[in-house]
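Engineer: Below are the structure tokens for one structure; questions will follow.
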Amino acid sequence: MASTDVDLVRRGLPKIYLPTTARRTASRWFRLRAVRRDQTAKSPGLNTTISPRDDMFAWSDPAGYFGTGRWAARKIQESLVRFGPDEPRRILDFPCGYGRVLRHLRLFWPDAEIVGGELLPDAVDFCHTVLGAISLQSSDPLWEVELGGPYDVIWSGSLLTHFDEGYWGATLRHLGEALGRPGLFLFTTLGHRSYEVLSGSDKYPAITKATAYRCGLADEDADRLLASVDATGFGFSHYPGKTGDPYGLAIAMPEWVERVLTKANLRLLAFEEGGWVGHQDLWTVSADADG
Ligand SMILES: C[S@@+](CC[C@H](N)C(=O)[O-])C[C@H]1O[C@@H](n2cnc3c(N)ncnc32)[C@H](O)[C@@H]1O
């Protein structure tokens, strides 16, 4: 086993020896081996190395990590069949994190140039050295970063889900400007389903189960966010104790997002509520011919 596996298996467990720790460590080793075997059977050739610093990987659902990434690649593939271009030569994954999706992009389009853009230098490095991506170091605000377009496909999973409204137009415009013509830009947002979950409704039990209590927000912040969505179609909140950080939680109703798209000179091609693993809304857009 690689040293990344050792760190991944030990992640979050007490450093001192306890019988329970030993049992959990052993159980994780078996689960990691089993999940690798299953995922390799589903996607032969898939790189299954996980960074111990990848917060998207949860020991409560190791297979879900791979399923979420594969789902994104399949959605991109469906969109390419529907709207073209036929065979993407340049793909940008932004933000790529530690490659939850990027590893599948590599597998689906082995001949394409795959660029991984991220704020975390360690994640950029992992995607380069382990998954073979071209590195793109991001910064804040991201619209000041040279993205190196044009790209045939841009995938942006769970980025706008974390930013206040002032970020949306500039982010969408900047990513749209890096898009080729033809070119597809797919991005995800939190919409009606997340609104229901944050409200405490049990309409989407699978999402509720996979989500932290009130999505990790303080009760009063969650209530304020929902009230803002009711009033304007958009709501944002910082995470507890992180008010200085632009990164929080955003819920945007589809009509609100459509207005921002128009202002950003992007043409809506497709929208699917819950289109990414049943939770996040999935948008497919292209650069407006007049933009
Ligand atoms: C919820 S994660 C999603 C990561 C990846 N898309 C995935 O699905 O695994 C959001 C990511 O956005 C990154 N991020 C935050 N601000 C950013 C910025 N200004 N430029 C690029 N990435 C940023 C964070 O570092 C984090 O990895």
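The values are calculated or read from the model by the stated rules, or taken from the named source; none is laboratory data. Since we're looking at a predicted model, the values are computed, not measured. All Cβ positions, even for glycine, are placed from backbone atoms using ideal geometry, and neighbour counts span all protein chains on display.
Engineer: Would it be correct to say that D281 is charged (D, E, K, R), under 27 Å from D61 (Cβ atoms) and assigned to a helix (DSSP H, G or I)?
Structural biologist: No: the conditions fail for D281.
Engineer: Within the stretch 122-144, can you find the residues that are touching a strand residue (DSSP E or B) at 6+ places or on another chain (Cβ under 6 Å) and closer than 22 Å to W109 by Cα? Show your work before the answer.
Structural biologist: Of the residues in the stretch 122-144, the ones touching a strand residue (DSSP E or B) at 6+ places or on another chain (Cβ under 6 Å) are 124, 127-128, 133-134, 136, 138.
If the condition is that a residue be touching a strand residue (DSSP E or B) at 6+ places or on another chain (Cβ under 6 Å) and closer than 22 Å to W109 by Cα, then V124, C127, H128, A133, I134, L136 are the ones that fit.
Engineer: Just to be sure I understand, how many residues within the stretch 11-41 are touching a residue at least 24 places away in the same chain (Cβ under 8 Å) and assigned to a helix (DSSP H, G or I)?
Structural biologist: Here is the first cut: in the stretch 11-41, the residues touching a residue at least 24 places away in the same chain (Cβ under 8 Å) are 11-12, 28-29, 31-32, 35, 38-39.
Those left that are additionally assigned to a helix (DSSP H, G or I): 28-29, 31-32, 35, 38-39.
Going through the stretch 11-41 one residue at a time, the tally reaches 7.
Engineer: Looking only at the stretch 80-108, count how many residues are farther than 15 Å from I50 by Cβ, more than 10 Å from the chain's Cα centre (by Cα) and within 14 Å of the ligand (Cβ to nearest atom).
Structural biologist: Of the residues in the stretch 80-108, 3 are farther than 15 Å from I50 by Cβ, more than 10 Å from the chain's Cα centre (by Cα) and within 14 Å of the ligand (Cβ to nearest atom).
Engineer: For T4, state whether it is at negative phi, modelled with pLDDT under 95 and either assigned to a helix (DSSP H, G or I) or surrounded by 14 or more Cβ atoms within 10 Å (Cβ to Cβ) (or both).
Structural biologist: Working: at negative phi: yes; modelled with pLDDT under 95: yes; either assigned to a helix (DSSP H, G or I) or surrounded by 14 or more Cβ atoms within 10 Å (Cβ to Cβ) (or both): yes.
So T4 fits the description; yes.
Engineer: Evaluate the following for Y151: is it among the aromatic types (F, W, Y), over 20 Å from E272 (Cβ atoms) and within 12 Å of the ligand (Cβ to nearest atom)?
Structural biologist: No; evaluated as a whole, the condition is false for this residue.
Engineer: Does L186 meet the test of being modelled with pLDDT of 95 or more, more than 20 Å from Y247 (Cβ to Cβ) and within 15 Å of the ligand (Cβ to nearest atom)? Before you say what the answer is, go through the steps one by one.
Structural biologist: Values: modelled with pLDDT of 95 or more: yes; more than 20 Å from Y247 (Cβ to Cβ): yes; within 15 Å of the ligand (Cβ to nearest atom): yes.
Taking the combined requirement at face value, the residue satisfies it.
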